[in-house]
Amino acid sequence: MNRRRQRGMFLLQSVVAMALFSVGALAVLMLSASAKRQSADAHYRATASMLVADLTARMRLGPRDPGALAQRYAGEGAGAARFNTDAALVLPGVAGNPPAIAIDDNGNVVVTLRWQVPGETASHKYVAATRIVD
């Protein structure tokens with residue numbers, strides 16, 4: 001090729017290289033943001049799991065009669081109030097989504113815990129079921 005046809009080729013190569021580098025850098029930034037969001041979700045889910053495990057352990061330590069469990073942990077009972085307070089301290093948005101504890105006559109317990117991360121419109125949910133019997 002003659003010298004005249006190659007004029008500006010270096011500039012064109014530089015622009016293409018910068019464009020490719022910019023696309024790659026943008027992809028890395030998006031991946032990093034996604035990883036951070038996933039990490040926060042995993043942290044909140046693990047925290048919810050530990051809260052529910054603590055609640056069910058306290059249920060197993062006390063009277064195991066379904067009626068006594070329902071009186072203490074369902075609705076406005078002292079155990080439910082403590083659980084709600086603990087959840088509100090460590091999970092965001094629990095105050096707007098109060099936990100639900102359902103206990104039937106056979107000792108089946110279902111705990112539903114919801115939280116909402118600031119800046120998100122949807123709430124997250126953790127549901128655990130267990131059976132507490134004598």
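Of note:
- Among (1) among the hydrophobic types (A, V, I, L, M, F, W, C); (2) modelled with pLDDT under 95; (3) assigned to a strand (DSSP E or B) - the single one M30 does not satisfy: (3)
- Matching option when the condition is over 28 Å from K36 (Cα atoms), of a type outside the set (S, T, N, Q) and in a helix (DSSP H, G or I), among A80, A88: A80
- Within the range 15-64, if we keep just the residues that are charged (D, E, K, R) and either surrounded by fewer than 10 Cβ atoms within 10 Å (Cβ to Cβ) or touching a residue at least 12 places away in the same chain (Cβ under 8 Å) (or both), the residue that is nearest to D104 (Cα to Cα) turns out to be R64.
- Odd one out for D105 among (1) under 17 Å from A129 (Cα atoms); (2) assigned to a loop (DSSP other than H, G, I, E, B); (3) within 15 Å of the chain's Cα centre (by Cα): (3)
- Looking across R45, R72, R7, R64, one residue alone is out of contact with any strand residue (DSSP E or B) (no Cβ under 7 Å at 6 or more places or on another chain), assigned to a helix (DSSP H, G or I) and charged (D, E, K, R). It is R72.
- Those residues of the range 91-117 which are small (G, A, S), over 17 Å from M50 (Cα atoms) and surrounded by fewer than 16 Cβ atoms within 10 Å (Cβ to Cβ), in sequence order: A95, G96, A102
The values are calculated or read from the model by the stated rules, or taken from the named source; none is laboratory data. Only a predicted model underlies this, so the values are computations on that prediction, with no experimental measurement involved. Cβ sites come from the backbone with ideal geometry, for glycine too, and all protein chains shown count toward neighbours.
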